1. Can you find a residue in segment 3-17 that is surrounded by fewer than 18 Cβ atoms within 10 Å (Cβ to Cβ), modelled with pLDDT under 90, under 23 Å from L145 (Cβ atoms) and in contact with a strand residue (DSSP E or B) (Cβ under 7 Å, 6 or more places away or on another chain)?
2. Being touching a residue at least 40 places away in the same chain (Cβ under 8 Å) and crowded, with 20+ Cβ neighbours inside 10 Å: is that true of G129 here?
3. Against the condition touching a strand residue (DSSP E or B) at 6+ places or on another chain (Cβ under 8 Å), at pLDDT 90 or above and of a type outside the set (V, I, T), how does F116 come out, does it pass?
4. State yes or no: is G76 modelled with pLDDT of 85 or more, surrounded by 15 or more Cβ atoms within 10 Å (Cβ to Cβ) and not aliphatic (A, V, I, L, M)?
5. Consider V32 against the criteria (1) at pLDDT below 80; (2) outside any strand (DSSP E or B): it satisfies all of them except one. Which criterion is unmet?
6. Determine whether A100 is at pLDDT 90 or above and in contact with a Ser or Thr (Cβ under 6 Å, 6 or more places away or on another chain).
7. Within segment 44-61, how many residues are surrounded by fewer than 17 Cβ atoms within 10 Å (Cβ to Cβ) and either of a type in the set (S, T, N, Q) or in a strand (DSSP E or B) (or both)?
8. Tell me whether segment 141-149 contains one or more residues that are more than 13 Å from the chain's Cα centre (by Cα) and over 26 Å from S19 (Cα atoms).
Amino acid sequence: MRKWLALFFLLSPLLYAQSTQLGGMVGVGGAVKLFDNSSHHTVGGVEACVFCGGRFGLFLEYEHWAKTSSGSGEPGSMNLAGGGVRIQGKSARLRPFLDAGLLAGAESKKQVRPSFENESRAVAGGALGFGVAISVTAHWYVRPLARMVVLSTGAIGGFGGLSAGYSF
């Protein structure tokens, strides 16, 4: 009996995986600071949503923003990790969603001083996103999305992109 009980407790976390989603995302967008020119960024990352079987879920994500055009004062690259609440529709085929959460990470800029050093600092802020999850098969999905971030350094950024992943 103890062996079966131990096996049950070892496998019980997998029961929660029935409402878990894992995926990757790519997008393009921009970042700007007040009174500065914006620059274009490419964004790539990974995402997860746990307890996503119903109307509410918890999303977790990591994003890497890489600068692709010039501008003044905005970050050259950002690494952000965050999480929050996802509110989503119930339909099996199309599920619109709204994300609201917090994030933290680091931004870095290349300095044009004679030493060409990188300046890096910690940032925190909020994220707001929306889109729709489209079921391709019983487990695979694609998710067109838009995301806006507001950072403690005064930078505001946003991107539009696409996520694809697997639902357990």
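1. No: segment 3-17 contains no residue that is surrounded by fewer than 18 Cβ atoms within 10 Å (Cβ to Cβ), modelled with pLDDT under 90, under 23 Å from L145 (Cβ atoms) and in contact with a strand residue (DSSP E or B) (Cβ under 7 Å, 6 or more places away or on another chain).
2. Details: touching a residue at least 40 places away in the same chain (Cβ under 8 Å): no; crowded, with 20+ Cβ neighbours inside 10 Å: yes.
In short, no.
3. Numbers: touching a strand residue (DSSP E or B) at 6+ places or on another chain (Cβ under 8 Å): yes; at pLDDT 90 or above: no; of a type outside the set (V, I, T): yes.
Criteria not met by F116.
4. In short, no.
5. All conditions are met except number (2).
6. no
7. Qualifying residue count for the region: 5.
8. No; the residues of segment 141-149 include none that is more than 13 Å from the chain's Cα centre (by Cα) and over 26 Å from S19 (Cα atoms).
The values are calculated or read from the model by the stated rules, or taken from the named source; none is laboratory data. Remember, predicted model here, so these are calculated numbers, not experimental data. Backbone-built Cβ (ideal geometry, glycine too); neighbour counts: all protein chains shown.
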